[in-house]
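Peer 1: Okay, handing you the structure first.
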Amino acid sequence: VPVVESLARATETPLDCHLMIEQPDRWAPQYVEAGASSVTFHVEAAAAPVRLAREIRAKGARASMALKPATPIEPYEDLLPELDMLLIMTVEPGFGGQAFLDIMLPKIRRTRELIGKHGLQLWLQVDGGVSASTIERCAEAGADVFVAGSAVYGAEDPAEAVRALRGQAESATTKASWACGH
């Protein structure tokens, strides 16, 4: 929370906080109060995800829920309207530099279909192993927000890596069947 407070004082850039913590119901609201504009909690760690999403939104931030690779989306279909963003982890949470799990692509597609079925304006984020070789497949499957750590910070020119990844994602999204009217 003190880091978010310091960053919020130093920048106008929106702060997106992905909380990989226990008891997010207790701690997540404090991140909004500290200046986060978007807070992501893991559904597997949340005691009351609907209440938590509503509290995050009530405090003025975007509410986002993350799912680990083995957690199916289908049990949370009714919760989607309570969210502003859904994060599908495409690696097991814990550390950077892991290889992208291709088996997550069908889950991304199913999630995009559920979002469309309900007519939601829900961002679909992927995190884990996102790189020049995976970002287009993620976009084609339905993702429209991407977290790329090692692919950016491991590059000789991080700013150029971001530009290239953004270009790939925009190109793939434009061609994606799900993006019609998006």
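The numbers here are math on the coordinates, done by the rules we state, and not lab data. Everything numeric in this text was worked out from a predicted model, so none of it was measured. Cβ: placed from backbone, ideal geometry, glycine included. Neighbour counts: every protein chain shown.
Peer 1: Taking the Cα centre of the chain as origin and charging only Cβ (+1 Lys, Arg; -1 Asp, Glu), how large is the dipole, in debye to the nearest 20? Provide the component values of the computation, followed by the final result.
Peer 2: Details: 17 positive and 24 negative charges, 68 e Å.
Using Cβ point charges on Lys, Arg, Asp and Glu, the chain gives about 320 debye.
Peer 1: Still on this structure, please answer the following. Can you pull the three principal axis extents for the Cα set of the stretch 68-176, in Å, largest first?
Peer 2: Largest to smallest, the principal-axis extents are 43, 31, 22 Å.
Peer 1: Between TRP27 and ALA58, what FRET efficiency comes out of the Förster formula 1/(1 + (r/R0)^6) with R0 = 22 Å and r the beta carbon distance, rounded to 0.05?
Peer 2: Values: r = 16 Å, r/R0 = 0.73.
Efficiency for this residue pair is about 0.85.
Peer 1: Let me ask something else about it. Jot down the per residue volume, in cubic angstrom and as a whole number, of the convex hull over the alpha-carbon atoms of the chain.
Peer 2: Values: hull volume 22.3 nm³, N = 182.
So the per-residue Cα hull volume is 122 Å³.
Peer 1: With +1 on each Lys and Arg Cβ and -1 on each Asp and Glu Cβ, how big is the dipole of the stretch 68-176 about its Cα centre, in debye rounded to the nearest 20? Could the numbers behind the result be given before it?
Peer 2: On the way: 10 positive and 16 negative charges, 47 e Å.
Using only the charged Cβ atoms, the result is roughly 220 debye.
Peer 1: How large is the direction-averaged shadow of the alpha-carbon convex hull of the stretch 1-64, in nm²? Can you show the working numbers first?
Peer 2: Working: hull surface 14.8 nm².
Mean projected area for the stretch 1-64: 3.7 nm², to one decimal.
Peer 1: Turning to a different aspect of this structure: Along the stretch 104-118, what does the Karplus equation 6.51 cos²θ - 1.76 cosθ + 1.60 (θ = phi - 60°) give for ³J(HN,Hα), rounded to whole Hz, x for Gly and Pro?
Peer 2: Per residue, the Karplus-derived 3J(HN,Hα) values read 7, 4, x, 5, 4, 4, 4, 5, 4, 5, 5, 4, x, 4, 9 Hz.
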